[in-house]
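Let me begin by presenting the structure, written as structure tokens, before commenting on it.
Where a number appears in this text, it was derived from the coordinates with a stated rule and is not lab data. Values in this document were obtained by computation on a predicted structure and should not be read as measured data. All Cβ positions, glycine included, derive from the backbone under ideal geometry; neighbour counts span all protein chains shown.
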Amino acid sequence: SAVISQKPSRDICQRGTSLTIQCQVDSQVTMMFWYRQQPGQSLTLIATANQGSEATYESGFVIDKFPISRPNLTFSTLTVSNMSPEDSSIYLCSVARAVPAYEQYFGPGTRLTVT
Amino acid sequence: AQKVTQAQTEISVVEKEDVTLDCVYETRDTTYYLFWYKQPPSGELVFLIRRNSFDEQNEISGRYSWNFQKSTSSFNFTITASQVVDSAVYFCALSDPNTGTASKLTFGTGTRLQVTL
């Protein structure tokens with residue numbers, strides 16, 4: 001497995017502002033992903049964070065709203081821009097290695113409330 | 001498109017009862033992986049198991065067991081002699097192998113399990 005930390009663990013933000021969430025892994029990983037979990041809902045993939053290049057976004061998510069960086073193999077950030085109350089969710093970072101393939105581990109999540 | 005269905009929204013059992021959580025999936029891929037995750041009230045997602053589409057052997061890990069049946073596209077999860085600490089939301093997920101060595105996951109809507117004394 002992997003030890004994953006996220007900062008902040010929770011935050012309350014005003015609408016119209018932006019928040020950057022950090023994801024740090026204790027060792028190098030092949031893939032990093034960002035998911036959103038709206039209150040009482042399942043997880044939805046926002047994007048795959050690619051090291052050294054632009055993230056790959058899923059349908060319904062755009063770079064202007066959710067810019068992502070991944071400067072190296074152990075760190076990524078997700079920014080939630082120009083927030084509205086609809087952005088209130090848990091944001092989770094997940095990581096996967098090449099071996100064993102397809103095993104993903106999740107960070108503790110960031111609980112965001114937008115007022 | 002891939003889809004995961006967890007028809008049971010909420011299940012309540014009394015401690016020591018056995019409980020089975022259902023998961024039905026849809027995919028056109030012949031190679032895929034299935035997962036179960038546990039999300040306790042703290043919110044963290046805990047990895048429980050991964051199965052690949054070529055291995056239909058049932059698996060047992062302590063009080064947990066999984067029944068993978070390709071013929072019915074199901075991957076059910078049974079907890080034997082449930083305990084209060086098993087109370088959580090359980091998610092079934094399906095991989096998309098088209099992304100290479102590691103994959104993005106499609107999650108079901110989750111089943112909330114409440115175990116009471």
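Simple rule: put +1 on each Lys or Arg Cβ and -1 on each Asp or Glu Cβ in chain B, find the dipole, and look at B:Val19, B:Ser42, B:Ala88; the Cα lying farthest toward the positive end is B:Ser42. In order along the range A:85-92, phi translates into HN-Hα couplings of x, 5, 7, 5, 6, 9, 10, 10 Hz, rounded to whole numbers, per the Karplus curve 6.51 cos²θ - 1.76 cosθ + 1.60 with θ = phi - 60° and x for Gly and Pro. Taking θ as phi - 60° and the Karplus parameters 6.51, -1.76 and 1.60, the scalar couplings of the range A:45-51 work out to 6, 8, 6, 9, 8, 9, 6 Hz in sequence order, x denoting glycine and proline.
For chain A, modelled as a Gaussian network with Cα springs under 10 Å, which listed residue fluctuates most, A:Pro85, A:Pro71, A:Pro39? Among A:Pro85, A:Pro71, A:Pro39, the largest GNM mean-square fluctuation belongs to A:Pro39. A dipole drawn for chain B from +1 and -1 charges on Cβ atoms has a positive end, and of B:Gln114, B:Thr31, B:Ser65 the residue lying farthest that way is B:Thr31.
Taking amide H positions as modeled 1.01 Å from N, with prolines and chain starts lacking one, no residue 5 or more places away or on another chain lies under 5 Å from B:Gln2. Cβ screening of chain A for cysteine pairs under 4.7 Å finds these without a partner: A:Cys13. Taking Cα centre as origin and charging only the Cβ of basic (Lys, Arg, +1) and acidic (Asp, Glu, -1) residues, the dipole magnitude of the range B:35-117 rounds to 80 debye.
In angstrom, the C-alpha Rg and Dmax of chain B are 14.0, 45. Whole-Hz Karplus values for the range B:14-25 come out as 9, 3, 5, 6, 8, 9, 10, 9, 8, 8, 10, 10 Hz, taken residue by residue from phi with 6.51 cos²θ - 1.76 cosθ + 1.60 and θ = phi - 60°; glycine and proline positions read x. Amide H of B:Ser87: which non-local residues (sequence gap of 5 or more, or other chain) have their own amide H closer than 5 Å, using H built in the peptide plane? Placed amide hydrogens put B:Val115 under 5 Å from B:Ser87. Placing +1 on the Cβ of every Lys and Arg and -1 on the Cβ of every Asp and Glu, with no other charges, gives the protein assembly as shown a dipole of roughly 360 debye about its Cα centre.
Got a sec? How would A:Glu54, B:Glu10 order by Cβ neighbour count within 10 Å, fewest to most? Working shown, then result.
Working: A:Glu54 13, B:Glu10 10.
Least to most surrounded, the residues fall as B:Glu10, A:Glu54.
Principal axis extents of the Cα atoms in the protein assembly as shown, from largest to smallest and rounded to whole angstrom, are 48, 39, 32.
For the range B:1-65, pairs of C-alpha atoms spaced more than 14 angstrom apart make up 71 percent of the total.
Filter B:Lys38/B:Lys104; A:Lys7/B:Lys3; B:Lys70/B:Lys104 down to the pairs with a C-alpha to C-alpha distance above 28 Å, please. Walk me through the numbers on the way to the answer.
Values: B:Lys38/B:Lys104 18 Å; A:Lys7/B:Lys3 31 Å; B:Lys70/B:Lys104 21 Å.
Result: A:Lys7/B:Lys3 exceed 28 Å.
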